[in-house]
Amino acid sequence: MDLLERESCFADLAKWLDSATQQAGCVVLLSGEAGIGKTVLLREFAKRQNQARVLWGACDALFTPRPLAPLHDVALQTEGALLAAFNSPANPSVVFASALAELGRERTLLVFEDMHWADEATLDLLTFLGRRMDRTRTLLVASYRDDEVGERHPLRLVIGGLPRVATFRMSLAPLSEASVAWLARQAGRPSKDLHSITGGNPLFVTEVLAAAVDTVPATVRDAVLARAARLSTVARALAELICIIPGRTESWLLEHGAKSDEAAIEGCLSIGLLRHDDGSIGFRHELVRRALEDTLAPRRRQQLHARVLETLETRPDIPAARLAHHADGARNGTQVLRYAPLAAAQAAAVGAHREAAAHYQAALRYADALPANERAQLLERLSYECYLTSDNERALDAQRAALDIWRAQGERLKEGNALRSLSRLNWFVGNTAQADKYSDDAIAALESLPSSPELALAYVSRADLAMEAHQAETTIESAQRAIALAELWGNKEVLCDALASLGTMRLIIGDTQGWVDLNRLLQLALAQGLQKQVASAYANLAAMAVSRRQYEQASGYLQAGLAYCEDHDLEFLAPYILAYRARMRFEQGDWNAASEDVEAVLRHPRTAVITRIPALRTLAHLRVRRGDPDTSGPIQEARALAGPEPVLQRAGMLALVCAEAAWLAGDREGTIREVLSVYEVARQTRDPRMNGELAAWLFRTGALRLQPGDISEPYSLEIAGDWQAAADAWRMLGCPYEHASLLSMYGREDDQRQALAIFEQLGAAPAARALRRQMRERGIRRIPRGVRTSTRRNGFGLTRREAEILSLLSEGLRTSLIATRLCVSPKTVEHHVSAILAKLGVSSRAEAVALTRNHAERP
């Protein structure tokens, strides 16, 4: 079939390839619905160009995808160092670095097909390469079905984080009615209703025209089956074998798996299968393969899978995931239990944790006949992989099932460790009481046995729980016990984790010895090459520096931590560090930068609950202070994530945001209500910052009955009545909003005018409105209306994302098209539009576009 209406696509691809090979590499994201012609376009483009080698890899449509399947395909083509690295037990960073080095060798067109099926490790690879393409002379084209990539699909989140300057997008449109009619005439077929039924989908059009039936089939499946009906018995048997094998069927597999001849192969080619240069055969499109596979009777499908499995098992180096796929299709429980755990371990080793969990689930479907201890081990591995993918409920179910087995077996050590795991999982979902109970039970079980690394881990878990509840004595005691055991056993990882809890708790209560603990953790982890612990050390150091408002120190830790995570591909920890950078920027008054950091955290595919909650808190605080729409949304989500029994740390920080929102709304009773219940709990603990902030709000509302003792400045100064010293302290710390707030609450006219200028500069519209109202009530005249410095500096004070969306609105794009262009959800676009309208002070999109055009036309 001629490739109609695709010449502009060829031109763009040629332009980008020329730029990539002559200047710096880049990424192209090729999207379109199934059957729209993405693969055909890329294969034709690869044939047309002659300036670069072509490397081609595809993601699998297996029940559970192979980890790094596209890179494996590429490694087989390049051989050499990349293939050696892929086949070695090296960690993913070594494999990724080898792939980057291979792409740096020569000019390359690299295609990753069907990325909507990508496993986690392949998504990590796309992130890794996408950020470094400018170091190569490679054009990386990643194709995917945009109708299968929803708002929470991992691929959407990954491509949204690719460098914008080196990422281009191409979306293939359906064929026009005129092109469909021309194709029908070429085939000697009538075109009536053809476009309306097929929607201009090239695959559907092709299948309909090839079906040679009197009426137009209603679906692709009907068209495919109409063509298959013409096959001979031998050709039909061959097509059925091929249809249960995703991707390509190798020539040796055809020879051993089916009784076929050249006539049968030609028959298959006549219904849309393709023969590749290496002799393998595959369906031209996955939709066609699945249409034929869906017609197979269950018994027939099992027989075919069994035949393929038998042949694959005779070959070396067949990936375990492929063997597990066909073993499951054959309902061969023995072989599933042989291959699925191996495939899971291989997937986990390269970071494909969702795929690892799926393999363990497949194995457990056949595990009833296994010995109890082996079944419990599978359950615990499933639980851990589910925990890593934030599937906490499934992780809990699997770990509880494992606990029951260990108890029944009388395995006291295993039971204690399972109880510890259940404690941590319950903490993640906000079940604090359950977490505490499981922790106590774990320690009781493990203390009844000789000392062990498991007991040290239980003490660390107890320290973490107590730290979140701000129970300083329990935290410090548990951490010190864990340190003693870890040093006894020489377990550096447990030692690092215990030092993290100890140092963080000491700093929370104001003990600067905590810096010594955390720096010891950092140096130990660096010396031992413990990457996760190194990143954790930077995260804790940064978090404590931000919490103590030591911003210069925090900036150094944040920068070092983010760089370390990027250099070592620790994507799961980077969002936590970024969330604290957002908090620091928010407190320093750099609200646009804070907003962009928060958006990056919430969009990141590896953002865990414990990171999402503080990011949502900062987002809510930003909206409260700027007067943005939907201040309650992030708070409601954060409270839902915190669970029914939130720990003090989470409850306190959310209460403070709600108290400020009530204060700005003039709701004194609401401020008291939000703070009082949390304060009654917090005052029983040692946290000078949180207790001071809560007490300050009660003091401002006149509800503070007793002056607290152990609270930090500037709160203690304000409550003691020295508001000028408190305001100066806020200014010296670099917190302009807090400085202005005290000037506005307690100051004279000149103080309030200074506060108003600061609020205007920040874009703190609610505080500025409240202060103007207060000044008018005091009889102050000539209150400046003010023009925001942020508006003069940054157009209208918009964030980079908001400015981008406003630009697309000016082009006349609708919400759905903007969402597709930016790889975000329509709901996210709508929120940004609401924020834009609020900042511009207009009520419609048309007004916003008109205002910005008028602003741009001014001299």
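The values are calculated or read from the model by the stated rules, or taken from the named source; none is laboratory data. The model shown is predicted, which means the values in this text are computed figures rather than measured ones. With ideal geometry, Cβ positions are generated from the backbone for all residues, glycine too; neighbour counts draw on all protein chains shown. Areas reflect the complete protein model, heavy atoms only, side chains present, ligands, DNA and RNA absent. Shrake-Rupley method; radii C 1.70, N 1.55, O 1.52, S 1.80 Å.
In table form, for the structure just shown:
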read-out: Residue tally, condition without any contact (Cβ under 8 Å) to a residue 40 or more places away in the chain and of a type in the set (Gly, Ala, Ser), over the stretch 321-347; value: 5
read-out: Which listed residue is charged (D, E, K, R) and buried (at least 20 other Cβ atoms within 10 Å of the Cβ), from Glu313, Glu262, Glu250, Glu255; value: Glu250
read-out: Exclusive hit being surrounded by fewer than 22 Cβ atoms within 10 Å (Cβ to Cβ) and more than 30 Å from His604 (Cα to Cα), set Ala363, Ala349, Ala401; value: Ala401
read-out: Condition met for Ser383 (outside any helix (DSSP H, G or I), over 21 Å from Ser478 (Cβ atoms) and either touching a residue at least 40 places away in the same chain (Cβ under 8 Å) or within 28 Å of the chain's Cα centre (by Cα) (or both)); value: no
read-out: Scope the stretch 758-773; condition open to solvent by 60 Å² or more (accessible area, probe 1.4 Å) and either farther than 18 Å from Ile836 by Cα or more than 43 Å from the chain's Cα centre (by Cα) (or both); matching residues; value: Arg769, Arg773
read-out: Positions within the stretch 19-37 being over 12 Å from Met133 (Cβ atoms), at pLDDT below 95 and of a type outside the set (Ser, Thr, Tyr), in sequence order; value: Gln22, Gly32, Glu33, Ala34, Gly35, Ile36, Gly37
read-out: Total residues in the stretch 57-86, condition within 17 Å of Glu286 (Cα to Cα) and open to solvent by 30 Å² or more (accessible area, probe 1.4 Å); value: 2
read-out: Single unsatisfied condition, Leu139 versus (1) part of a loop (DSSP other than H, G, I, E, B); (2) under 23 Å from Arg53 (Cα atoms); value: (1)
read-out: Helices (runs of 4 or more DSSP H) enclosed by the stretch 472-561 - at least 1 residues per element that are of a type in the set (Phe, Trp, Tyr), open to solvent by 40 Å² or more (accessible area, probe 1.4 Å) and within 21 Å of Leu648 (Cα to Cα); value: none
read-out: Meets criteria (of a type in the set (Ser, Thr, Tyr), buried (at least 17 other Cβ atoms within 10 Å of the Cβ) and over 30 Å from Leu798 (Cα atoms)) for Ser741; value: no
read-out: Residue tally, condition over 31 Å from the mean Cα position of the chain (by Cα) and free of Cβ contacts under 8 Å to residues at least 60 places away in the same chain, over the stretch 455-474; value: 4
read-out: Of all residues making up the stretch 159-182, the number that are open to solvent by 10 Å² or more (accessible area, probe 1.4 Å) and in a helix (DSSP H, G or I); value: 8
read-out: Residue that is under 24 Å from Ala582 (Cα atoms), free of Cβ contacts under 8 Å to residues at least 24 places away in the same chain and within 25 Å of the chain's Cα centre (by Cα), where the choices are Ala640, Ala620, Ala696; value: Ala640
read-out: Selection status of Glu374, crowded, with 18+ Cβ neighbours inside 10 Å, charged (D, E, K, R) and part of a helix (DSSP H, G or I); value: no
read-out: Residues of the stretch 595-607 satisfying the condition of being open to solvent by 30 Å² or more (accessible area, probe 1.4 Å) and not in a helix (DSSP H, G or I); value: His604, Pro605, Arg606
read-out: Residue count for the stretch 686-724, restricted to those that are surrounded by fewer than 17 Cβ atoms within 10 Å (Cβ to Cβ), in a loop (DSSP other than H, G, I, E, B) and either of a type in the set (S, T, N, Q) or touching a strand residue (DSSP E or B) at 6+ places or on another chain (Cβ under 9 Å) (or both); value: 1
read-out: Residue selected from the stretch 725-755 under the condition assigned to a loop (DSSP other than H, G, I, E, B) and free of Cβ contacts under 8 Å to residues at least 60 places away in the same chain, by the criterion farthest from Gln588 (Cα to Cα); value: Arg748
read-out: Qualifying residues in the stretch 68-80 (those that are of a type outside the set (A, V, I, L, M) and over 15 Å from Asp317 (Cβ atoms)) - the one modelled with the lowest pLDDT; value: Gly80
read-out: Lone unmet requirement of (1) surrounded by fewer than 24 Cβ atoms within 10 Å (Cβ to Cβ); (2) touching a Ser or Thr at 6+ places or on another chain (Cβ under 6 Å); (3) among the aromatic types (Phe, Trp, Tyr) for Tyr576; value: (1)
read-out: Set Ala433, Ala444: member being open to solvent by 50 Å² or more (accessible area, probe 1.4 Å), among the hydrophobic types (A, V, I, L, M, F, W, C) and in contact (Cβ under 8 Å) with a residue 60 or more places away in the chain; value: Ala433
read-out: Any hit, the stretch 582-594, residues being open to solvent by 30 Å² or more (accessible area, probe 1.4 Å) and closer than 20 Å to Pro163 by Cα; value: yes
read-out: Filtered residues of the stretch 205-220 (kept if over 24 Å from Ser280 (Cβ atoms), at pLDDT below 75 and either open to solvent by 20 Å² or more (accessible area, probe 1.4 Å) or in a helix (DSSP H, G or I) (or both)); value: Ala211, Ala212, Val213, Asp214, Thr215, Val216, Ala218, Thr219
read-out: Filtered residues of the stretch 41-89 (kept if hydrophobic (A, V, I, L, M, F, W, C), closer than 29 Å to Ala14 by Cβ and assigned to a helix (DSSP H, G or I)); value: Leu41, Leu42, Phe45, Ala46, Ala69, Leu71, Val74, Ala75, Leu76, Leu82
read-out: Hey, Ala24 in contact (Cβ under 8 Å) with a residue 60 or more places away in the chain and open to solvent by less than 60 Å² (accessible area, probe 1.4 Å) or not; value: yes
read-out: Test for Asp368: is it within 25 Å of Gly643 (Cβ to Cβ) and either at pLDDT 95 or above or open to solvent by 30 Å² or more (accessible area, probe 1.4 Å) (or both); value: no
read-out: Some residue of the stretch 654-674 being of a type outside the set (Gly, Ala, Ser), open to solvent by 40 Å² or more (accessible area, probe 1.4 Å), in contact (Cβ under 8 Å) with a residue 24 or more places away in the chain and in contact with a strand residue (DSSP E or B) (Cβ under 7 Å, 6 or more places away or on another chain); value: no
read-out: The stretch 646-685, residues that are touching a Lys or Arg at 6+ places or on another chain (Cβ under 8 Å) and part of a loop (DSSP other than H, G, I, E, B); value: Pro646
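Residue-by-condition table, conditions (1) polar (S, T, N, Q); (2) within 43 Å of the chain's Cα centre (by Cα); (3) at pLDDT 85 or above:
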{"residue": "Leu203", "(1), (2), (3)": "no, yes, no"}
{"residue": "Ala235", "(1), (2), (3)": "no, no, yes"}
{"residue": "Trp252", "(1), (2), (3)": "no, yes, yes"}
{"residue": "Ser260", "(1), (2), (3)": "yes, no, no"}
